[in-house]
1. Can you sort D223, D410 from fewest to most other Cβ atoms within 10 Å of each residue's own Cβ?
2. By the gyration tensor of its Cα atoms, with a ≥ b ≥ c the square roots of the eigenvalues, what is the shape of the stretch 252-408: rounded for a/c under 1.5, prolate for a/b over b/c, or oblate?
3. Any idea what diffusion coefficient the stretch 317-457 gets from Stokes-Einstein, in µm²/s, Kirkwood Rh on alpha carbon pairs, 37 °C, 0.692 mPa s?
4. Modelling each spin label as a point 7 Å along the Cα-to-Cβ direction, I'd like the H279/K138 distance in nm, to one decimal.
5. Shape of the stretch 18-111 from its Cα gyration tensor (a ≥ b ≥ c, root eigenvalues): rounded if a/c is under 1.5, otherwise prolate when a/b > b/c, or oblate?
6. Over what distance in Å are the Cα centres of the stretch 449-492 and the stretch 313-382 separated?
7. Could you work out the relative contact order of the chain, using alpha carbon pairs under 8 angstrom and six or more residues apart, expressed as a whole percent?
8. Taking the Cα centre of the chain as origin, sum charge times position over the Cβ atoms of Lys and Arg (+1) and Asp and Glu (-1), and report the length of that vector in debye to the nearest 20.
Amino acid sequence: MDLLDDPVPGSNTPEFSVSEIAGKVRKLIEGELGWVRIKGEVGRVVLARSGHLYFDLKDDRNVLSCMTWKGQVPGLGTMPEEGMEVVAEGRMTASGFQSKFSLNAERIAIAGQGALMALLEKRKKALAAEGLFDDARKRPLPYLPDVIGVVTSMQGAVIRDILHRLRDRFPRKVLVWPVAVQGANCAPEVVRAIQGFNALSPGGAMPRPDLLIVARGGGSVEDLWGFNEEVVARAAAASDIPVISAVGHETDTTLIDFVSDRRAPTPTAAAEMAVPVRHELLAWVEQAGARMTGSVSGGMQRREQRLRDLARALPRADALVEVPRQRLDVTGGQLGPALIAGVQRRKVKLSEVSGSLRPATLQRSIDAEKRRLRALSMRLEPALARVAAAKRERFETRAARLTPARIAQDTTRKSERLADVTTRMQAAGQRQLQTLHRKLDAMDRLRETLSYKATLARGYAVVRGGGEVLTTKADAEHASGLEIEFVDGRLKLGGGKATGKKGAGKPPEQGSLF
């Protein structure tokens with residue numbers, strides 16, 4: 001044997017292809033390790049367009065690649081974020097395509113309360129930087145809401161405490177949206193509840209709440225973690241309905257507390273914030289009514305007293321008219337002499353004016369007006385002649401254009417247009433008649449389809465007795481004679497002759513076919 005055919009003479013080591021050795025390595029890793037739990041810090045996180053999740057777990061010396069397939073992502077429990085310390089559970093596997101091993105992570109959990117607090121602080125800083133915690137964006141709560149929406153679990157004392165407190169203070173309509181208040185389903189269900197209440201139409205069949213209460217009892221940080229999710233905080237911040245957060249006890253603080261319009265230390269306190277005390281409100285209204293009545297009564301008394309005081313300060317009516325009456329008497333006495341003096345002055349003025357009016361002066365004025373009128377008449381005749389000539393010229397120009405040939409051409413053109421319009425109207429009428437015929441045929445076919453005659457053609461029959469349609473066995477037993485209508489005619493039982501199809505009676509009632 002040539003040495004080139006056997007590089008290592010005498011060696012018994014088997015030969016593997018690349019795929020074979022990759023498969024053996026994969027079987028070895030999966031068989032030896034199987035299901036593992038790995039603790040580490042999350043590095044690079046990539047959510048591919050296909051829906052698969054890829055991320056890294058690292059410590060101070062090594063990095064482990066991890067992947068979660070699209071169908072496994074909803075069951076992870078916690079979505080990994082860069083810098084988060086987690087415990088990942090899954091199966092180790094190897095990829096021959098890239099010559100690397102990795103973890104197929106199926107569950108992820110936060111690796112301790114310290115990591116949870118660090119993640120919570122990171123989310124709080126990010127949301128605060130966006131302005132979601134600002135007091136300026138928080139809205140006042142309605143004083144007396146008609147409908148209150150409650151987002152909580154139907155199991156437990158929280159919903160009972162809220163309903164009991166609302167009933168004691170001021171009964172209102174309450175809509176409850178049941179959700180999971182801990183675990184993996186908590187955050188998405190709370191988000192759907194807040195968005196669902198906001199999607200209701202005001203005045204619709206299901207009334208839209210005027211106020212929302214998101215409530216849960218106390219618990220550990222892990223139990224309350226669903227209310228620390230960013231999606232829950234953003235849903236509460238985006239709500240058009242004011243939100244009261246009542247998660248945990250007074251010492252518990254969650255992310256939703258910072259973005260809500262009001263935070264309540266307990267669910268019972270949230271119910272107290274939502275509505276006032278009815279009896280206190282009634283007492284306040286009565287007190288306000290009494291104060292208003294007293295204020296109005298006191299004001300009327302003060303104005304009445306002031307009117308009396310002003311009336312006493314006014315002088316007597318006789319004293320007010322004495323001076324004007326004296327002035328009237330004096331003026332009346334002066335009126336007669338003043339009228340006589342005025343008439344005398346006007347007579348003197350008239351005599352002075354009439355002295356200058358002589359016949360010669362009038363004649364000169366008349367002659368001047370005649371000369372002016374004669375001059376105007378001499379100018380008027382040429383002007384009228386020019387206007388008449390211009391109008392005569394325009395008349396002759398227009399008359400020249402009105403020739404029999406042009407009138408005939410215009411008549412022919414308009415006759416052609418009339419014939420064209422008549423043709424189109426006839427065509428449109430024909431099309432409309434055809435359309436109506438088609439609709440009528442369709443309606444006739446529909447009538448035939450819906451008629452009970454079509455049902456008879458499928459093998460059914462109508463039973464009559466005494467001229468009436470029989471629908472039950474008892475009616476048939478008591479009838480004196482039976483008549484059965486088939487598709488091709490009627491048959492009388494007891495020796496009667498069949499009647500033709502055209503002699504069929506009225507259509508049967510519903511339920512008379514068999």
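1. On the way: D223 17, D410 10.
Ranking D223, D410 by Cβ neighbours within 10 Å, fewest first, gives D410, D223.
2. Values: a/c = 6.81, a/b = 1.51, b/c = 4.50.
Verdict is oblate for the stretch 252-408.
3. Details: Rh = 28.8 Å.
Rounded, D is 114 µm²/s.
4. 3.1 nm
5. Working: a/c = 1.74, a/b = 1.51, b/c = 1.16.
Verdict is prolate for the stretch 18-111.
6. 115 Å
7. Details: 606 pairs, mean separation 37.9, N = 514.
Reported as a whole number, the value is 7 percent.
8. Values: 79 positive and 61 negative charges, 1300 e Å.
With Lys and Arg at +1 and Asp and Glu at -1, about 6240 debye.
Coordinate-derived values only; no laboratory data. The model shown is predicted, which means the values in this text are computed figures rather than measured ones. Because the Cβ atoms are built from the backbone with ideal geometry, glycine has one as well, and the counts that use them run over all protein chains shown.
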